[in-house]
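See structure below.
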Amino acid sequence: MSRPLAHLSDEALVALAARSDSSALAELYDRYGRIAYGLALRILRDETLAEDAVQDGFLAVWRTAARFMPERGKASAWILTLVHRRAVDVVRREERRRAESLERIPEPGGGSVDEDAWLRLQRGRVQDALRQLPDPQREAIELAYYGGFSQSELAERLGQPLGTIKSRMFSGLARLRELLGEPGLEMSWNP
Amino acid sequence: MESLNVHDLTAAYALDALDADEARAYEAHLAGCERCRSELATLGEAASSLAWAVEAPAPPARLRSAILTQAAAERENVVPLPVSRSRLFRATAAVAAVAACAAVAFGIWAAVLDSRSQTREASTWTVVIRGGRATIGVSELARAPRGKTYEAWVIPAGGRAQPAGLFSGGGARTVVRLTQPVPQGATIAATVERAGGVSAPTTTPLFTARV
């Protein structure tokens, strides 16, 4: 597959999508469609619903690209957030059985060798970081993000005050950010 | 909802763990609260990184065409504005500058100066070490200039840099498995060198990471 825009940054692609360049949307899909689909499938446990969530999420990218603000975070995070929000909306509406914990979905590959290697690399990093969180923080974050539970539902389900759930989510995400920023490494860049 | 309580909804909002009323209240609050906007930028990146922990099967090909067909249908009356390369690259440079100021969750940003086109691109470098072997992942790494290559290095504590692999960049994602084991305390680095590689680094590293 030819990818003429492969050299552009995600943020440049979003700027092109805002100008109705559909090849930029195609390139964003080629970069993040698979991970977005995996995420939606993880939440929804249904291939058709997952496809719908990914489609709605990427169409939201297309419709709202002009409002994307790079100072509020990376384009990849924004795209995945749009897909995640739709998957969570559907899982709550459908009252589907929700994930209890991070469970493995068989991976039939299908990507290029490079893409598979990249996904394995990123998955290893994030899974390593998640494992380093204290159990109560990891549990709250996983049930919220992969299970689609609201903070009130979590408080009830885990038998904890709402304030405790909020602080577990906050501490867990803040720690995750630190761990992902420096995965046991000190990083620096010399211009 | 009490405005006092709204501040501490940021993590739940980042995880999409608010119900619809709470989310609306938080979004209304966000418009006027710089502290929450800044915190959300940080926690939101951490939350969305969770997507990468999921094992992702490839979606069916029809999904891509469904999205692109629907997108085209929605804009069929819109004529794309021409974008000159220079304007586009200025936009990219501005994004890189903003990103360099913000602490980003997913590694660090490095600016790569392409000597031919004078464009700056933001690359994100990440390193994973398993059992003493390292893999480097770089997103949006500009292709090495003609006659040049990227070269990875493993520098043991107090020792000399060992060549650890060549790579050319140029794609959206570059993954490099280092050919040298990485002892505790070593530094990993990458430089631009002449094609074919060299036995000791001759330029300032684009990236360094100490284990």
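The values are calculated or read from the model by the stated rules, or taken from the named source; none is laboratory data. The shown structure was predicted, so the numbers you read here are calculated from the model rather than taken from an experiment. Heads up, the Cβs are rebuilt from the backbone with ideal geometry, glycines too, and the neighbour counts pull from every protein chain shown.
Comparison of B:Thr204, B:Thr174, B:Thr149 shows that the only residue that is at pLDDT 90 or above, closer than 24 Å to A:Ser9 by Cβ and in contact with a strand residue (DSSP E or B) (Cβ under 8 Å, 6 or more places away or on another chain) is B:Thr149. Annotation note: Cβ proximity below 8 Å between a residue of the range B:192-211 that is closer than 17 Å to B:Gly158 by Cα and a residue that is among the β-branched types (Val, Ile, Thr) and part of a loop (DSSP other than H, G, I, E, B) (sequence gap 6+ or interchain) occurs for B:Val211/B:Val182. Scanning the range A:64-77 for residues that are free of Cβ contacts under 8 Å to residues at least 12 places away in the same chain, assigned to a helix (DSSP H, G or I) and either buried (at least 22 other Cβ atoms within 10 Å of the Cβ) or within 7 Å of chain B (Cβ to nearest Cβ) (or both) returns A:Glu71, A:Arg72, A:Ala77. Would you confirm whether any residue within the range A:52-62 is touching a His at 6+ places or on another chain (Cβ under 9 Å), of a type outside the set (Lys, Arg) and part of a helix (DSSP H, G or I)? Yes: one or more hits.
On the basis of being more than 19 Å from the chain's Cα centre (by Cα), modelled with pLDDT of 90 or more, in the same structural domain as B:Ala11 (by TED's automatic domain parsing) and part of a helix (DSSP H, G or I), does B:Glu39 make the cut? Spelling it out, B:Glu39 is indeed more than 19 Å from the chain's Cα centre (by Cα), modelled with pLDDT of 90 or more, in the same structural domain as B:Ala11 (by TED's automatic domain parsing) and part of a helix (DSSP H, G or I). I'm checking my understanding of the structure. Among residues of the range B:180-194 that are of a type outside the set (A, V, I, L, M) and within 20 Å of B:Ala144 (Cα to Cα), which one is farthest from the other protein chains (Cβ to nearest Cβ)? For the range B:180-194, the residue satisfying everything is B:Arg194. The residues in the range B:28-62 that are away from chain A (no Cβ under 11 Å) and surrounded by 14 or more Cβ atoms within 10 Å (Cβ to Cβ) can be counted, and the count is 3.
Just to be sure before I move on: is A:Leu59 facing another protein chain (nearest Cβ under 8 Å) and not hydroxyl-bearing (Ser, Thr, Tyr) in the structure I sent? Against the criterion (facing another protein chain (nearest Cβ under 8 Å) and not hydroxyl-bearing (Ser, Thr, Tyr)), A:Leu59 qualifies. Any idea how many residues of the range A:26-65 are over 25 Å from A:Pro4 (Cα atoms) and among the aliphatic types (A, V, I, L, M)? Of the residues in the range A:26-65, 8 are over 25 Å from A:Pro4 (Cα atoms) and among the aliphatic types (A, V, I, L, M). Are any of the residues in the range B:149-165 without any contact (Cβ under 8 Å) to a residue 24 or more places away in the chain, surrounded by fewer than 21 Cβ atoms within 10 Å (Cβ to Cβ), in the same structural domain as B:Gly197 (by TED's automatic domain parsing) and within 29 Å of A:Leu5 (Cα to Cα)? Yes, the range B:149-165 contains a residue that is without any contact (Cβ under 8 Å) to a residue 24 or more places away in the chain, surrounded by fewer than 21 Cβ atoms within 10 Å (Cβ to Cβ), in the same structural domain as B:Gly197 (by TED's automatic domain parsing) and within 29 Å of A:Leu5 (Cα to Cα).
Residues in the range A:136-171 that are among the acidic types (Asp, Glu) and closer than 18 Å to B:Ala46 by Cβ were compared, and the one that is surrounded by the fewest Cβ atoms within 10 Å (Cβ to Cβ) is A:Glu139.
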